[in-house]
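A short write-up of the structure that comes next.
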Amino acid sequence: MATAPPAPVPSLYRFVFLWLEPVSTLTGAVYAYFFQPIYLNLTHAPSAPGSDIPIATSVVLAQLANLYLGLSLIEASILRATTELKVWNALIVCLLLADFGHLYSVLPLGAHVYWAYWRWNAIDYGNVPFVYFLAITRICMLLRLGFPSQGVSEGVSEGVSEGVSEGERLKST
């Protein structure tokens, strides 16, 4: 018996994970590599070194930019290469775990960074509410919110989905 084609990924998730997040991650890469003083000043102005960036800091920012670039390319290319939900889910779960790590990484700025929106600057908007949005979007996708209902959960055998009991299916083989 032929298997059903994979359920299409709803347009909201395609827009967020194929366009919005890769472009925003690429923007982070550009700032971390080409605009290091601005990047550091936006991250934490009181401890930013000014325009004379220490070599070690510059190297770490270049490495961060490379990771952002890699993440942007991986997400955009892998998810464009398939509609297989197992692949999407695997990547989305990994990115969700990374979201929690990203949110934890800004804790040294103070707990207020998570809720004091009136104090946020451009990088804070990218580090906190945008990551909240991405994490919530990932959770919604993993819960299949917005997907067409198929009446049968994934992993159920074809015979059962067609109203044939497992025993009858085995007898006929």
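Readers should treat all values here as calculations from the given coordinates under stated rules, not as data from a laboratory. Quantities reported herein were computed from a predicted structural model and do not represent experimental measurements. Cβ: placed from backbone, ideal geometry, glycine included. Neighbour counts: every protein chain shown.
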message = Between W118 and I74, what's the calculated FRET efficiency when r is the beta-carbon distance and R0 is 22 Å? Round to 0.05.
response = 0.05
ask   = What nm distance separates the two modelled labels at Y104 and F15, each placed 7 Å from Cα along Cα→Cβ?
value = 3.2
Added length on full extension, which subtracts the Cα-Cα distance from 0.36 nm per residue, K86 to L143 = 19.2 nm
message = Can you pull out the trypsin sites (Lys or Arg not before Pro) in segment 32-138 whose DSSP state is coil and whose Cβ has at most 11 other Cβ atoms within 10 Å?
response = none
note = When H112, H44 are arranged by how many other beta-carbons sit within 10 Å of their Cβ, fewest first, they go H112, H44
inquiry  = Once you place label points 7 Å from the Cα toward the Cβ at S24 and V59, how far apart are they in nm?
reply    = 3.2
task = For I136 and F34, calculate 0.36 nm times their separation in residues minus their Cα-Cα distance, and state this gained length in nm to one decimal.
result = 33.7 nm
